[in-house]
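Structure first, commentary second.
FYI, it's all coordinate maths here, none of it is from the lab. Quick caveat: nothing in here was measured; it's all calculated off a predicted structure. Note that each Cβ is placed from the backbone with ideal geometry, even for glycine, and that neighbours are counted across all protein chains shown.
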Amino acid sequence: MTKIFSKIFLLLGIIFLIPTLILNILSLTKLENDFDNTFKPVPKELLEIYDANIAKIIDLNKLKELIKEEVEEKKYSGIAIPILVDDIVRKKFFHGLSNIDIQTNWLLKIANKLYFEKHFSSAMQPEDIVRFNYAFCNQQAIIFQEIVKDFGFEFASIGFNVKTKEENFGHFVSAVKVNQDWFYFDSNLEPNYDRRDSSVFKGVLEADKEILKKLYPLYDFDYVTAEMISFHSLNKFPAKAGVYFQKITLFFSNFLFLILLFFSFLLNILDKRRVNIEN
């Protein structure tokens with residue numbers, strides 16, 4: 001039986017080795033900085049704030065340095081700092097899902113096809129997101145939170161899963177604590193409101209229909225309840241589980257064949273020892 005399992009693991013190891021080699025060889029033919037994938041043309045009908053000069057900053061440290069210099073130059077403090085960060089993130093991206101290269105991660109490709117709505121291949125780490133000029137709501141929130149935390153602010157995430165008459169309103173935004181008050185920030189949909197007004201944050205968490213309608217007039221909030229809006233990930237990176245999943249699938253996509261070959265080799269040794277003992 002041990003010999004049979006050894007051969008099965010050997011066969012599976014060889015089977016998984018072939019696509020692993022092919023995918024890694026193909027990945028070498030791609031440019032390390034594929035501009036066509038990380039930058040998209042700006043839509044003609046774009047209504048969002050967008051600045052091409054800020055969008056072309058694809059290094060997270062340089063983006064942080066830009067904001068730090070402006071804060072120091074204009075002597076910003078308190079709520080003025082997260083408002084500046086929000087402005088920069090609004091200008092850096094327009095709405096669109098940015099995805100990492102998963103050419104060598106075939107396990108993640110399978111998961112992505114089976115559960116497309118989960119967006120397993122989306123860019124989740126700040127260093128990856130910043131390379132794009134477009135990003136989803138949660139991706140823009142990650143960049144916003146990554147920057148405000150450097151200024152010592154407490155931050156959190158707010159998730160929406162609101163049932164409406166036509167389609168659900170799913171969204172992801174940020175909150176920042178300044179002194180003793182929390183403030184609401186949405187870099188993605190860019191609602192027009194007084195970002196210095198802490199009552200907006202309170203109204204959103206209480207599912208105040210009037211406030212929500214002012215923030216997002218294109219959506220219906222007739223059926224909204226406080227349970228549909230969640231405050232979470234206090235001072236925590238909100239995509240930690242997603243990044244772990246990407247890393248784990250990448251590891252097994254590239255080394256599963258090696259693990260199988262190792263077990264085949266180990267079982268083969270055990271089988272030979274068993275035969276020697278019996279003889």
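The stretch 192-265: which GluC sites (Glu not before Pro) are DSSP loop and have at most 15 other beta-carbon atoms within 10 angstrom? The partial results should precede the final answer.
Working: sites: GLU206, GLU210, GLU227; in loops: GLU206.
Here the GluC sites (Glu not before Pro) that fit, given the DSSP loop and packing criteria, are GLU206.
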Likely footprinting exposure, THR225, THR2, fewest C-beta neighbours within 10 Å first
THR225, THR2
Checking the stretch 87-121 for chymotrypsin sites (Phe, Trp or Tyr not before Pro) in a loop per DSSP with at most 15 other beta-carbon atoms within 10 Å yields TYR115
If you filter the stretch 203-279 for chymotrypsin sites (Phe, Trp or Tyr not before Pro), then keep DSSP loop positions with at most 13 other Cβ within 10 Å, what is left?
TYR223
Roughly what angle does helix 60-74 make with the longest principal axis of the chain, taking Cα atoms, 0 to 90 degrees, to the nearest 10?
20
Hydrodynamic radius (Kirkwood) for the stretch 164-274, which is based on Cα pairs only, to one decimal in Å
18.2
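For a test of the definition: using alpha carbon positions, the gyration tensor, and the 1.5 limit on a/c, classify the stretch 31-238 as rounded, prolate or oblate.
Numbers: a/c = 1.66, a/b = 1.11, b/c = 1.49.
Since a/c reaches 1.5 but b/c is at least a/b, the shape of the stretch 31-238 is classed as oblate.
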Set LYS165/LYS214; LYS92/LYS165; LYS209/LYS240; LYS64/LYS91, cut-off 23 Å on Cα-Cα distance; pairs above it are LYS92/LYS165; LYS209/LYS240
In degrees from 0 to 90, rounded to the nearest 10, what is the angle of the helix 137-148 Cα long axis to the longest principal axis of the chain?
80
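Give the peptides 185-198, 61-74 in descending order of average Cβ contacts within 10 Å, highest first.
Details: 185-198: 17.3, 61-74: 13.6.
Descending mean neighbour count gives 185-198, 61-74.
Sort ILE277, ILE129 by Cβ crowding within 10 Å, fewest neighbours at the top.
Details: ILE277 7, ILE129 25.
Lowest count first: ILE277, ILE129.
Quote to one decimal, in nm, the extra length available between ILE25 and GLU227 on full extension: 0.36 nm per residue of separation minus the C-alpha distance between them.
Working: separation 202, 0.36 × 202 = 72.72 nm, distance 4.86 nm.
Full extension of this stretch gives 67.9 nm more.
In which sequence would ILE79, ILE88 go, from the one with the fewest C-beta neighbours within 10 Å to the one with the most? Could the numbers behind the result be given before it?
Values: ILE79 18, ILE88 22.
Ranked by crowding around the Cβ, least crowded first: ILE79, ILE88.
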Report, in whole Å, the centroid distance computed from the Cα atoms of the stretch 229-248 and the stretch 145-183.
13
Karplus-derived 3J(HN,Hα), 6.51/-1.76/1.60, for each residue of the stretch 225-233, Hz, glycine and proline x:
9, 4, 5, 7, 10, 10, 9, 8, 6
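Considering every pair of different Cα atoms, what Kirkwood radius, in Å, is found for the stretch 34-74? Provide the component values of the computation, followed by the final result.
Details: mean 1/r = 0.0819 Å⁻¹.
12.2 Å is the Kirkwood radius here.
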